[in-house]
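S.K.: Following this message is one structure expressed as structure tokens.
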């Protein structure tokens, strides 16, 4: 009876003590909760559309601390980590008593600490609440904190936070920062050698830093692999294989792409830790190299900006603001993709598009490129030369100024300004309120981004300019819902620009493009597009000073072709011609469409007394016997012309013969005997023809 009574009393006492401990633990847990990780303490990240890291910013204390998610980490690394650090991580509640007993026994047997008994959760607790001393009290508090953390966080959350905060040498914290700095890649596809090194590093991050202490790092990683062999995670032969691999690790800078865009994101929302952009990392990296190499070629103090956009959805694929953010020679910190500059001749395609849309001209219509005075405005060509009569196609491909202004005067500068607004292009006019003819040659200020947005209206299926967006900047809003140009007019513009030959030294690509040079050689532009993407290039000085000899054709166009070739995006074919879009030879155009003349020009012609051309010799229906020079060698037939206005274009049997001539006598050598038809077209678009028989 007495024994049973003692047992009962002892049991009750144990229960009371256990209850008191539980109550005390609950009260202590509530009064003295553990510190929890703060998301705001990690680095700010800027990513591309697929989550790839573009730019990372150090924390306020100067540490690289990147958020880590288990699904983005190599599974072999996780297995090695748990086997080496905490094999019962998934089953214990913060403290592994078996590991503690084992560690204590090893210390007694060897007289020194052989292995630690700390769990991953305990190490996580130490990272949250660092203590310089390693006393028994500190260890007990660490154990208590581990139990508290296990009650508040899931196992995956604990593991993720440990891998976010663990030290990896220097100012690197977390496995992502370490993998990027030491191996130049995310920890999603680590080699066995790399994984074992990253497992070993947090135990002694400074003495095992692979960039400074390669031998110690190698030894520690081999020790990790040895533990993996004991746990049957890998074959024993893997240790020998990994030991034979070259071991050379250097510290790399963390990703720093799209510096201007990332800086704006950070300045605009400093508390936001993740910014997802529309960029593609590979394209951004490639075009930054293109810009940097191009700047070195064109000379000191010159900067280069490149913007690539998807014309179908408006997403910006790459945005390079300068040749180098920290390049002080070129004022690289200034984002020239957003700077307002004169666009030169890059707006001309839209002038021609409006003229096509209104039925004023067709691509083969003749137009005059001669000195002209438009109410005091006297545009001149870039080379100070005039070409005389040219086709509209040639005028746009050669970027002649007078023909463009003739057409702009006919459609009206207000129509062009309305088109620019409809395309979402933000622009600034000079001190005048109303747009004038000068806007056709770059007499406004706009940015490279806005120019690229405008050109998306030549790429999209419905002709509406896409609203460009990058995930950071406020996009421009196109005004109205209508297309930029009607489908046939868009096709004619694309067809003409596709025919512009590639710049010297560049491989011909299936793209359409236009160049531009601002007044005083300050800005060189080139904008091109395929069936989907638009790329714009700007070259110049950030201080807007002149650069003698700088032109869009010689400087910007080669960079445009290089950008298309190296962007990593395939050249998309152009869409099929819309209904009604055909190429029509000039001879097949209606008489009124064969030459463009302003109202004033038509009035002058009608009062000038100028007569239409007439073939004076040979007369129509004549039978002509060619004169012999000697033997079987015949002399050419001399054709005589009266009236008309030079230059004259001659056609034999419906096909153009030679280049236009200004003389009224023309020599023609028939192909042989038989009937022949001769025709002439003068500069005013008037024609004359005769039918003869050659004997």
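None of the figures in this text is laboratory data; all of them are computed from the coordinates on show. This is a predicted model, so every value here is computed, not measured. Ideal geometry is used to build each Cβ from the backbone, glycine not excepted, and the neighbour counts take in all protein chains shown.
S.K.: Assuming 0.36 nm per residue, please report the length gained on full extension of the stretch residue 582 to residue 250 beyond their Cα-Cα distance.
M.R.: Numbers: separation 332, 0.36 × 332 = 119.52 nm, distance 6.08 nm.
Full extension of this stretch gives 113.4 nm more.
S.K.: What ranking do 694, 459 get, fewest neighbouring Cβ atoms within 10 angstrom at the top?
M.R.: Lowest to highest Cβ neighbour count: 694, 459.
S.K.: Okay, which of the range 28-55 sit inside 16 Å, backbone N to the point 7 Å along the Cα-Cβ direction of residue 271?
M.R.: 38-42, 44
S.K.: Moving on. At 0.36 nm per residue, and after removing the present C-alpha to C-alpha distance, how many nm does the segment from residue 695 to residue 138 gain when stretched out fully?
M.R.: 188.7 nm
S.K.: So if I take the centroid of the Cα atoms in the range 205-260 and the same for the range 454-500, what is the distance between those two points in Å?
M.R.: Here the two parts' Cα centres lie 52 Å apart.
S.K.: Please say if the range 404-504 is rounded, prolate or oblate, where rounded means a/c under 1.5 for a ≥ b ≥ c the square roots of the C-alpha gyration tensor eigenvalues, and otherwise the choice is prolate for a/b larger than b/c and oblate otherwise?
M.R.: Note, shape of the range 404-504 comes out rounded.
S.K.: Just to be sure I understand, if you calculate volume of the Cα convex hull per residue in Å³ for this structure, which of (1) 249; (2) 167; (3) 262 do you get?
M.R.: For volume of the Cα convex hull per residue in Å³, the calculated option is (3).
S.K.: Using only the alpha-carbon atoms, how far is helix 348-357 inclined from the longest principal axis of the chain? Give it as 0 to 90 degrees, nearest 10.
M.R.: 60 degrees
S.K.: Between residue 236 and residue 50, with labels modelled 7 Å along Cα→Cβ, what's the label distance in nm to one decimal, could you check?
M.R.: 4.2 nm
S.K.: Between residue 340 and residue 554, how high is the FRET efficiency from 1/(1 + (r/R0)^6) when r is the Cβ-Cβ distance and R₀ = 25 Å? Nearest 0.05.
M.R.: According to the calculation, E is roughly 0.60.
S.K.: Using only the alpha-carbon atoms, how far is helix 557-566 inclined from the longest principal axis of the chain? Give it as 0 to 90 degrees, nearest 10.
M.R.: 40 degrees
S.K.: First measure r as the distance between the Cβ atoms of residue 642 and residue 434, then evaluate 1/(1 + (r/R0)^6) with R0 = 45 Å and state the FRET efficiency to the nearest 0.05. Show your work: numbers first, answer last.
M.R.: Details: r = 47 Å, r/R0 = 1.06.
Calculated value: 0.40.
S.K.: Between residue 243 and residue 171, what length in nm is gained on full extension when 0.36 nm per residue of separation is reduced by their alpha carbon distance?
M.R.: On the way: separation 72, 0.36 × 72 = 25.92 nm, distance 2.80 nm.
So the extension gain works out to 23.1 nm.
S.K.: Give me 162, 513, 84 ranked fewest to most by other Cβ atoms within 10 Å of their Cβ, as a rough exposure proxy.
M.R.: The fewest-first ordering by Cβ neighbours comes to 84, 162, 513.
S.K.: Just grab the label-to-label distance for residue 30 and residue 495, each label 7 Å out from Cα along the Cβ direction, in nm (one decimal).
M.R.: 8.3 nm
S.K.: What is the calculated FRET efficiency for residue 622 to residue 506, with r their C-beta to C-beta distance and R₀ = 45 Å, to the nearest 0.05?
M.R.: Working: r = 52 Å, r/R0 = 1.16.
The calculated FRET efficiency here is 0.30.
S.K.: While we're looking at this one, here's another question. Can you order the peptides 316-324, 151-159, 546-554 by their average number of other Cβ atoms within 10 Å per residue, highest first?
M.R.: Sorting 316-324, 151-159, 546-554 by mean packing, highest first, produces 316-324, 546-554, 151-159.
S.K.: Once you put a point 7 Å from the Cα of residue 653 and another 7 Å from the Cα of residue 189, both along the Cβ direction, what distance in nm separates them?
M.R.: 6.3 nm
S.K.: Counting other beta carbons within 10 Å of each Cβ, put 44, 597 in order, fewest first.
M.R.: 597, 44
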